[in-house]
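One structure is given here, and the rest of the page talks about it.
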Amino acid sequence: MNKNNSQTFSLKYVLLMVTLLVSSIGIAQNTVQLSDFNFLDNTDWIGKLMYINYSDGREVVIDADLSIRIEKKKLIFESKYPKEPKANDKSTIKISDDGTQFGKETVTVFKNDPSNGRLMMITTSEGKDNNQMAMFIKTYDFNGDKAIITKEVQYAGAGERFIRNKYSYTKL
């Protein structure tokens, strides 16, 4: 094999390996399974919720607590607001069999390293925000004893998106 053929073969081999690696990472990043969340089972978190008020557009910050449980093949997120108990909420989230849906949200990015307590997931969904059709982009970032869950909104036809709410927690 002459030098040019050797370089061409090496370049093709490298391109093939990069393509295979990117493809396998892409698949792994877009699916999730319940066992990915095992390290979060029976955990409690304390923190703050920042949200943009619909009526006047101002930023509001309130105390927020979160408990995460796994029950009957579902994730249970129980949110409590110590100073606003009427707003307390319990969400039951089922992961689709193919791992592409987190409840009603589509998983677009997923990275998990349970050995150090790190899980990062980005999901999208559609709905109405402030009586306007919108796309919602949610980022779940659990990193050891810290967690941040951010919901961004992008109105239909708008190029920019904004943060509607952001939870910042510390693990108890």
XL table Lys90/Lys146; Lys90/Lys171; Lys72/Lys151; Lys73/Lys166; Cα-Cα > 24 Å flagged, in table order, is Lys72/Lys151; Lys73/Lys166
Along region 88-102, Karplus-curve 3J(HN,Hα) (6.51, -1.76, 1.60; θ = phi - 60°) to the nearest Hz, with x for Gly and Pro, reads 3, 8, 10, 10, 9, 10, 9, 8, 5, 4, 8, x, 9, 10, 10
Expected sort for 37-43, 111-117 on mean C-beta neighbours within 10 Å, highest first, is 37-43, 111-117
Any residue on another chain or 5+ positions along whose placed amide H is under 5 Å from the amide H of Asn30 is listed here as Phe110
Ranked output for segments 73-79, 86-92 by mean other Cβ atoms within 10 Å, highest leading, reads 73-79, 86-92
Karplus-derived 3J(HN,Hα) from phi for region 69-86 (6.51 cos²θ - 1.76 cosθ + 1.60, θ = phi - 60°), whole Hz, x at Gly and Pro, runs 9, 10, 9, 6, 6, 9, 8, 10, 9, 10, 9, 10, 10, x, 9, 9, x, 5
Given backbone amide H placed at 1.01 Å from N, residues whose amide H is under 5 Å from that of Ile95, ignoring those fewer than 5 places away on the same chain, are Leu75, Gly103
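Quick note: the coordinates plus some simple rules give every number you see, no bench work behind them. It should be emphasised that the depicted structure is a prediction, and the values quoted were computed from it without experimental measurement. When we count neighbours, we look across all protein chains shown, and the Cβ atoms used for this are built from the backbone with ideal geometry, even at glycine.
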